[in-house]
Amino acid sequence: MDHIAAAEERIVADRMKRKLEEVNTAAQKQLAGIQDHVNFTLQQAYFKCAYECFDRKRGQEGINNCVENCSVPVLRANNMVEEEMGRFQERMKRSLMVCQDKYEAAKLQQFQRGAVNDMESCVDQAIKDSVQMLPHIVDRLKISFSMSGQKDM
């Protein structure tokens, strides 16, 4: 690989890194309401519930079981967010792999001149498509958490 091709690949890698940072920022912004709900509403309910578990009429096992039951909604919510975001990341990863495969194929076929631009446009489209999915993921989570009346938190 000559130094020009190596420099192009570094430029592409840097641009891709910036694009992924943009996706991360967009995801954090979109999920802020969900995180707020989990961290405050559900956590607050958990602590209130757990507080009520500490009753002298209960034994240690009863207290432990009660506190464990109180934690279920928070754990379930965190798992749902992790699963949804895991699927989101996997879909985006597959899309980006298609772009990478096209780029590698173009390099092998000596079509390198337009390969970098083609890869960038492919990555841009893959990321745009992924970011457009975020509101749907957030809506699905809000419905699951009975937050449907809280469209834009």
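The values are calculated or read from the model by the stated rules, or taken from the named source; none is laboratory data. What you see is a predicted model; the values in this text were computed from it and never measured. Cβ coordinates were reconstructed from backbone atoms using ideal geometry, including for glycine residues, and neighbour counts include every protein chain displayed. SASA here: full protein model, heavy atoms, side chains in, ligands and nucleic acids out. Shrake-Rupley method; radii C 1.70, N 1.55, O 1.52, S 1.80 Å.
Okay, residues lined up against (1) closer than 19 Å to Met147 by Cα; (2) in a helix (DSSP H, G or I); (3) open to solvent by 70 Å² or more (accessible area, probe 1.4 Å); (4) in contact with a strand residue (DSSP E or B) (Cβ under 9 Å, 6 or more places away or on another chain):
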site: Gln43; (1), (2), (3), (4): yes, yes, no, no
site: Tyr46; (1), (2), (3), (4): yes, yes, no, no
site: Glu61; (1), (2), (3), (4): no, yes, yes, no
site: Cys66; (1), (2), (3), (4): no, yes, no, no
site: Cys70; (1), (2), (3), (4): no, yes, no, no
site: Val74; (1), (2), (3), (4): yes, yes, no, no
site: Lys93; (1), (2), (3), (4): no, yes, yes, no
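Yes or no, residue by residue, for (1) open to solvent by less than 30 Å² (accessible area, probe 1.4 Å); (2) part of a helix (DSSP H, G or I); (3) at positive phi:
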site	(1), (2), (3)
Asn39	no, yes, no
Tyr51	no, yes, no
Lys57	no, no, no
Glu84	yes, yes, no
Leu96	yes, yes, no
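Pairing residues of the range 93-108 that are closer than 13 Å to Ile127 by Cβ and at pLDDT 90 or above with residues that are buried (at least 17 other Cβ atoms within 10 Å of the Cβ) and among the hydroxyl-bearing types (Ser, Thr, Tyr), at Cβ distances under 7 Å and at least 6 apart in sequence or on separate chains, gives Ser95/Ser130.
Checked against (1) within 22 Å of the chain's Cα centre (by Cα); (2) at pLDDT 95 or above, Val131 passes all but a single condition, namely (2).
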